[in-house]
Structure formats: C-alpha cells, structure tokens
Amino acid sequence: MLTVALPKGRIADETLEIFSKIFNTNFAFDNRKLILEEYGFRFLNVRNQDVPTYVAHGAADLGVVGLDVITEQGLDIIDLLDMQLGKCRVSIGIKNEDDINWSRPNIKVATKMVNITKDYFAKKAVGVDVIKLYGSIELAPLVGLVDAIVDIVDTGATMKENGLKVAEDIMYSSAHLIANNNSFYAKKSEILSIYEKIKFVVDKSKI
Ligand code: PRP
C-alpha cells in the first residue's frame with residue numbers, strides 16, 4: 001500500500017484524473033472524506049502547505065505539491081517528477097504607478113513566502129523587511145502596508161484587478177511528485193512502478 005498526500009482542490013482533482021487514466025477506474029474523494037482507498041493506494045486530502053510535512057515525516061510515502069511550497073519549506077524529501085500541473089509564477093508585484101527603488105535601504109515586502117523572498121533579495125544584496133501575511137496579499141501595497149508583494153501569479157487577474165503589475169519574476173512553479181526518503185528505499189519498486197505510469201501520462205499530455 002502506498003499513501004499519497006494530495007493538496008485539496010484542483011491539483012488533487014487533476015492528480016486523481018491521472019490515476020483514473022492509469023487504472024481505468026474512477027478515483028475521487030467522497031464528500032468531505034479525507035481518506036480515499038483505491039487499487040492499493042491510500043490518498044490523503046490535506047492542505048497544500050501541509051503536503052511536504054506528511055511526506056517528510058513518513059505519514060505519506062508520496063505527495064503532490066507545488067515547487068513554490070517545496071522551495072519555501074526546504075524539507076528533506078525526494079523530488080521525483082514535474083507533473084506539469086498548476087503552472088504559475090512567483091513574482092514581485094508593485095502598484096502600476098510605482099517602480100522598485102532597489103537602492104532604498106529596506107524595501108518592505110508582504111508575502112506568504114518568507115524564505116523565497118528573503119533568499120531572492122539576499123542574492124541581489126538588497127535589504128528587505130518581510131511582513132508575513134496569510135492571504136489577500138494584493139491588498140497590502142494598496143493601503144501602504146508595504147512597497148511590494150511576493151505572490152503567486154497564475155492568470156495575472158488578481159494583480160490587474162487591484163492595480164498592481166509584475167515587477168520581476170522570481171521563479172516558475174508547477175506541481176511535483178515527491179517521496180519520503182525512507183519509503184523511496186523501502187518501497188522502491190512500488191514507487192518506481194507508479195512513477196513510470198504517471199510519467200507516461202504526463203509525457204503524453206505534453207505533446
Ligand atoms: C493565489 C495568489 C493570488 C492568486 C493569483 O491565491 O495568492 O492571489 O492566486 O492568481 P491569478 O494570477 O490567476 O489571479 P489563491 O487563489 O491560491 O488563494 P490563497 O491566497 O488562499 O492561497
């Protein structure tokens with residue numbers, strides 16, 4: 001039995017669609033159920049940011065989660081495959097009428113992704129005051145809380161609707177298949193078998 005942590009929402013649905021294709025049967029969570037058992041797999045329905053935690057601690061053998069979350073948390077897991085789902089960018093956003101003044105002593109930035117933000121500014125050797133927020137990040141520059149934000153950009157609609165623009169892209173992200181270190185050795189053949197099958201579907205949908 002392999003346990004797979006999936007992030008509630010679109011990525012979980014799209015991953016279960018891949019499993020449905022592979023095994024030619026319907027994989028879907030029942031209403032409000034957090035565990036789904038099917039075909040020798042146990043799927044866990046968890047919060048996006050919690051996927052690496054379940055995998056790193058071995059409560060799940062595998063997980064599917066955005067590269068942005070993997071990078072932000074830096075937990076000890078194996079990154080197996082880019083599943084090409086949920087593609088987005090992590091970008092710096094500022095007000096339409098603003099420019100970033102890189103020579104300012106400390107740029108104030110609001111974000112959920114504190115580590116990615118600090119690393120990016122450190123690499124540029126620019127001082128930054130990071131303010132951690134948990135959502136509605138786009139609001140922060142509009143009310144003068146910060147000079148800029150670091151946030152996920154998918155369609156760009158949220159920034160546009162709020163009079164913000166992308167100043168710079170920090171990284172590209174998409175959902176990756178990850179594995180627990182011990183599971184990868186203890187259950188290697190099972191994991192490689194499903195890895196190959198998922199890769200086949202992912203590669204086919206790229207064409
Ligand atoms: C993300 C992000 C932006 C929005 C970007 O939030 O924080 O607000 O999506 O998408 P867009 O470029 O297509 O407008 P999400 O919906 O994931 O909710 P969250 O803030 O609760 O994480």
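The values are calculated or read from the model by the stated rules, or taken from the named source; none is laboratory data. In this text the structure is predicted, and so the values were computed from the model without any measurement. All Cβ positions, glycine included, derive from the backbone under ideal geometry; neighbour counts span all protein chains shown. Surface accessibility is based on the protein's heavy atoms, side chains included, excluding ligands, DNA and RNA. Shrake-Rupley method; radii C 1.70, N 1.55, O 1.52, S 1.80 Å.
Across the stretch 77-207, the relative contact order, built from alpha-carbon pairs under 8 Å that are at least six residues apart, equals 42 percent. Summing charges over neighbours of ASN96, with a neighbour being any other residue whose Cβ is under 14 Å away from its Cβ, gives -3 when K and R count +1 and D and E count -1.
To the nearest ten degrees, helix 10-23 and the longest principal axis of the Cα atoms of the chain are 20 degrees apart. For GLU161, GLU168, GLU37, GLU138, the ranking by accessible surface with the largest value first comes to GLU161, GLU37, GLU168, GLU138, using a 1.4 Å probe.
Solvent-accessible surface of the stretch 1-135, taken per residue with a 1.4 Å probe and all protein chains present: 53 Å². Between ARG10 and LYS118, the simple label model (points 7 Å from Cα in the Cβ direction) yields a spacing of 3.0 nm. P(r) tail for the stretch 88-172, what percent of Cα pairs lie past 21 Å? Percent of Cα pairs beyond 21 Å in the stretch 88-172: 18.
If you take every DSSP beta bridge whose two residues both sit in the chain, what share of them, in percent to the nearest 5, is antiparallel? Bridges in the chain are about 65 percent antiparallel.
In this Cβ point-charge picture (+1 for Lys and Arg, -1 for Asp and Glu), the chain has a dipole of about 140 debye about its Cα centre. Here the Karplus relation 6.51 cos²θ - 1.76 cosθ + 1.60, evaluated at θ = phi - 60°, turns the backbone of the stretch 78-83 into coupling constants of 9, 8, 8, 7, 7, 7 Hz, with x for every Gly and Pro. For the stretch 1-132, carbon and sulfur atoms together expose 44% of the accessible surface, with a 1.4 angstrom probe and every protein chain in place.
How much of the pair distance distribution for the chain lies past 27 Å, counting alpha-carbon pairs only, in percent? Value for the chain (Cα pairs over 27 Å): 38 percent.
At full extension, LYS132 and VAL201 could sit 21.1 nm farther apart than now, given 0.36 nm per residue minus the alpha carbon distance. For the stretch 88-172, the number of Lys pairs with C-alpha atoms closer than 12 Å, counting only pairs eight or more positions apart or on separate chains, is 6. Taking the C-alpha atoms only, the angle from helix 188-206 to the longest principal axis of the chain is near 60 degrees. Measuring r between the beta carbons of ASP76 and ASP98 and using R0 = 41 Å, the FRET efficiency lands at 0.60. Among bridges DSSP assigns within the stretch 89-207, what percent are antiparallel (round to 5)? Restricted to the stretch 89-207, the bridges split so that about 60 percent are antiparallel. A straight Cα-to-Cα reach below 20 Å connects LYS188 with the lysines LYS197, LYS199, residues fewer than 8 places away in its own chain not being considered.
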